[in-house]
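Visitor: Quick one: this structure, given as structure tokens, is what I'll be asking you about.
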Amino acid sequence: MSASDKTLASASPASGNLALLAAIVVFAAITPTILMTAPAVAAQLAAQWQLSPARVGDLFSVELGAMSLATLPAFHWLKRVDWRHAALLAGLLFIAANLASALAGSYPLLLALRFCSALAGGSLMILCLSSAASTATPSRVYGLWVMGQLVVGAVGLALLPALFERFGLAACYLLLAGLMGLALPLSRAFPSGSPPAEARASTGAVHSRLRVGLGILAVLTFYISLSGVWTFIGAIAEGAGIGAGASGEVLAVATLMGIAGAACASFIGNRLPRDLMLLGGYLAMAAAILLLIGQPPLARFALAALLFKFTWTFALPFILACLADLDRSGRLMNASNLVIGGGLAIGPALAGRLIEGSGGFLPLLPIAAGLAALSLLLALACRPR
């Protein structure tokens, strides 16, 4: 077996390397926990630290921004550093920043420490994205990756309020440090680096810049569409006269549907044509968005929310797998980390201005459905033929 074959084999869960699969899923689940449990953490920050909504928002913006900005230095070190050493170093920085966050006594210090934690977490996320791109079935791995994040988020939202009541905000940061400490031995499961150039070429990894650009735009428009709708879905329920309790219960069940969507994508993997999976996922997502138009009664709102969350997490692994097909080296997946952050930032800002300008949700929802349709066309166009 050649060196390139060994690299690809060691990076593939299908070859029996379950340790790599575990590393990808576990690290990708732990690093964005603060963002996945944002409602509980934000409420505790406001209550315990007496922070204004603006300051709470700034703290989460720093977390999201630092995770996205981790992309920029990664362009330099991805080709030069052993990925196992990078994972270990990033994990240790994540632990140190979270331990220090638990002891922080001022807002500026906490802000700086959360930046460091998210930068380390973003670096680990890039390693997970890049390693998954080199596996035999990226769509299956990305499905497990998304499912792991949703499970950790759901468990965190269930457990954190009780932990906060007893131990305060420090409980969250200490828990993150502890989980990362337990996961740290898995850093040895990452490949030493991206597959050699000849291995990437043999798997069809060299494609035109046009296809790469189309793939990046597909991810960007997907995240602008979904984040714009999801940010204001509670307001849509309120505007339709649905009580906060009822809409909250619907959105809690929607999280479970998100887990189911990612699980289905992971199970399907390469068993069915990817174009068909993309088409079905996107069309169902657009239908879910359009179901929210008007003032939906509770039953229609529930159907729309559950379908939206299911299709979001069902389609995402297949979209990321399209990018992985274009570049097995990890550089494109590194860039996607920045694009995802950009989409998550642009979507709510654009949606908020559309709502303010119109005084309602009518312009937002058709535009979001249109962006989903555009993302589908871009994803299909970037596929190698």
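Please treat every number below as a calculation from the coordinates, not as lab data. Predicted, not measured: the structure shown is a model, and the values here were computed from it. Here Cβ is always computed from backbone atoms with ideal geometry, including for glycine, and neighbour counts include all displayed protein chains.
Visitor: Pairwise over distinct Cα atoms, reciprocal of the mean inverse distance: report the Kirkwood radius of the chain in Å, one decimal place. Please list the in-between numbers first.
Guide: Working: mean 1/r = 0.0471 Å⁻¹.
When all Cα pairs of the chain are included, the Kirkwood radius is 21.2 Å.
Visitor: Which of R271, R300 has the fewest other C-beta atoms within 10 Å, and how do the rest follow up to the most?
Guide: On the way: R271 10, R300 15.
Result, fewest neighbours first: R271, R300.
Visitor: Which is farthest toward the positive dipole end of the stretch 204-381 among F222, A237, A324, measuring Cα position about the Cα centre, with Cβ charges +1 (Lys, Arg) and -1 (Asp, Glu)?
Guide: In the stretch 204-381, that residue is A324.
Visitor: Give me the Å³ per residue figure for the convex hull around the C-alpha atoms of the stretch 3-198.
Guide: Values: hull volume 20.9 nm³, N = 196.
Cα convex hull per residue, to the nearest whole number: 107 Å³.
Visitor: Points 7 angstrom from Cα along the Cβ direction at A287 and A162: gap in nanometres?
Guide: Taking the simple label geometry, A287 and A162 are separated by 3.9 nm.
Visitor: Hey, how many Å between the Cα centroid of the stretch 275-317 and the Cα centroid of the stretch 337-380?
Guide: If you average the Cα positions of each part, the centres end up 15 Å apart.
Visitor: Projected onto the charge dipole of the stretch 3-198 (+1 at Lys/Arg Cβ, -1 at Asp/Glu Cβ, origin at the Cα centre), which of G105, L186, F164 gives the Cα projection farthest towards the positive end?
Guide: Towards the positive end, the residue furthest out is L186.
Visitor: Additional query: Tell me the volume per residue, in Å³, of the convex hull enclosing the alpha carbons of the stretch 260-321. Working shown, then result.
Guide: Details: hull volume 4.0 nm³, N = 62.
Spelled out: Cα convex hull of the stretch 260-321, divided by residues, is 64 Å³.
Visitor: Related question: Tell me which chymotrypsin sites (Phe, Trp or Tyr not before Pro) from the stretch 299-385 have a DSSP coil assignment and no more than 12 other beta carbons within 10 Å of their own. Walk me through the numbers before you get to the answer.
Guide: Details: sites: F301, F308, F310, W312, F314, F318, F361; in loops: F361.
Answer in residue order: no site qualifies.
Visitor: Which of M285, M277 has the fewest other C-beta atoms within 10 Å, and how do the rest follow up to the most? Display every interim value, and only then the final one.
Guide: Details: M285 28, M277 23.
The order, fewest Cβ neighbours first, is M277, M285.
Visitor: Hey, what number do you get for the chain at 222 nm if only DSSP H runs of n ≥ 4 count, each worth -39500 (n - 2.57), divided across all residues, to the nearest 500? Walk me through the numbers before you get to the answer.
Guide: Numbers: 18 runs with 305 residues, N = 385.
Roughly -26500 deg cm²/dmol at 222 nm, from the helical runs in the chain.
Visitor: Can you compute the charge dipole magnitude of the stretch 147-293 about its Cα centre, using +1 on each Lys and Arg Cβ and -1 on each Asp and Glu Cβ, nothing else charged? Give it in debye, rounded to the nearest 20.
Guide: Roughly 520 debye, rounded to the nearest 20.
Visitor: Based on Cβ point charges of +1 for Lys and Arg and -1 for Asp and Glu, what charge dipole magnitude is obtained for the stretch 4-150 about its Cα centre, in debye rounded to the nearest 20? Spell out each step's value before the answer.
Guide: Working: 7 positive and 4 negative charges, 35 e Å.
Magnitude of the dipole: close to 160 debye.
Visitor: Now, a different point. Using the 2.2 N^0.38 Å rule of thumb for compact globular proteins, work out how the stretch 213-295 stacks up: its C-alpha Rg over that value, please.
Guide: Details: Rg = 15.0 Å, N = 83, 2.2 N^0.38 = 11.8 Å.
It is 1.27.
Visitor: Then there is this: When the chain is fully extended, how far beyond the present Cα-Cα distance does A349 get from N270, taking 0.36 nm per residue of separation?
Guide: Working: separation 79, 0.36 × 79 = 28.44 nm, distance 3.59 nm.
Contour length minus the Cα-Cα distance gives 24.9 nm.
Visitor: Any idea what Rg and Dmax come out to for the stretch 204-381 if you just take the C-alpha atoms, in Å?
Guide: 16.4, 52
Visitor: The stretch 243-264 to the stretch 75-153: how many Å between their Cα centroids?
Guide: Using only Cα atoms to place each centre, the spacing works out to 26 Å.
Visitor: Summarise the long-distance tail of P(r) for the stretch 314-385 by giving the % of C-alpha pairs beyond 20 Å. Mind showing how you got there, number by number?
Guide: Numbers: 1083 of 2556 pairs.
Beyond 20 Å sits 42 percent of the P(r) for the stretch 314-385.
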